[in-house]
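Asks: One structure follows; several queries about it will come next.
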Amino acid sequence: MSHGPSRAHRRRADRRAHRRAHRRAALALVLPLVLGLGACGMGAPRSAPPSGVDGLVVPTPSIEPADYVTVVDNPWLPLAVGSRWRYAASDGAAVEVTVSGTRPVAGVEATVVDTVERGPGGRVVERSSAWYAQDREGNVWHVGDDGVWEAGEGGAQAGLAMPATPRVGDGFVEERAPGVAEGQSRVLAVDARRTTSYDAFDGLVLVERSSPLEPGRTTEAFYARDVGLVLVEGARDLELVDLSRG
């Protein structure tokens, strides 16, 4: 007679659930962690606040709706409704990211970002939605992932997706839902150069990200002013191939 799944089986199931949660969050974020990239662990994030913001607490234990605006127009992470980014992955997959609208989260009107990944044959292999909100200083906060975590629920806290003015050395938590979604970032450069199928870019913000749930694994993401994410470098590269602005 069966007595339910073994302890080892439950551990494997938990690990698979964590990996699925990270993958959904990574894709929907437009800031893909794409965990499993080159290992060069960065340790705990430092608490240097973004330029021009005094007393910024990251992650934030509570969201004050009066501190937020209804659009996300940070130049490094512009999320105008109707915008669409298309990316090609080094494993042959295609990723499409669309800003589909807004929804209330923790008392603010958050921007909804939908992501669809298709395999080499065009079959959909992943769908996800993430939510963002921008404060009055221009900092963009990650406030939840649909079906995974939501700021203010179950101990989850909003993290910083993109500072208003990124500085080299800034370190910050991107999301904190204990045991489910825990991401952290550090700004490595603000003058990087890269070329993708879409265009050649300079003056890029380079962000290294990692998660304590995947120790020793990091990825590097590059952001262009007024475009957003243009490239991810690691074991699974992702590059911008097309952009439609909303």
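The values are calculated or read from the model by the stated rules, or taken from the named source; none is laboratory data. Since the model is a prediction, treat every value here as computed from it, not as a measurement. Positions of Cβ are generated from backbone atoms using ideal geometry, with glycine treated the same way; all protein chains shown enter the neighbour counts.
Asks: For residue 53, are the conditions met, namely being β-branched (Val, Ile, Thr), more than 21 Å from residue 228 (Cβ to Cβ) and modelled with pLDDT under 85?
Replies: The answer is no for residue 53.
Asks: Got at least one residue in segment 176-194 being among the acidic types (Asp, Glu), buried (at least 19 other Cβ atoms within 10 Å of the Cβ) and at pLDDT below 95?
Replies: Yes, some residue in segment 176-194 is among the acidic types (Asp, Glu), buried (at least 19 other Cβ atoms within 10 Å of the Cβ) and at pLDDT below 95.
Asks: Looking at (1) within 13 Å of residue 185 (Cβ to Cβ); (2) at pLDDT 50 or above, which is the one condition that is false for residue 32?
Replies: With respect to (1) within 13 Å of residue 185 (Cβ to Cβ); (2) at pLDDT 50 or above, residue 32 is out only on (2).
Asks: If a residue must be of a type outside the set (S, T, N, Q) and more than 14 Å from residue 206 (Cβ to Cβ), how many such residues does segment 229-246 contain?
Replies: Final tally of qualifying residues: 11.
Asks: Does segment 228-237 contain at least one residue that is among the hydrophobic types (A, V, I, L, M, F, W, C) and within 18 Å of residue 99 (Cβ to Cβ)?
Replies: Yes, there is a match, as at least one residue in segment 228-237 is among the hydrophobic types (A, V, I, L, M, F, W, C) and within 18 Å of residue 99 (Cβ to Cβ).
Asks: Here's another thing I want to ask about it. Which condition from (1) crowded, with 16+ Cβ neighbours inside 10 Å; (2) more than 21 Å from residue 188 (Cβ to Cβ); (3) not basic (Lys, Arg) is the one that residue 92 breaks?
Replies: Exception for residue 92: condition (1).
Asks: Quick one: would you say residue 203 is at pLDDT below 95 and more than 18 Å from the chain's Cα centre (by Cα)?
Replies: no
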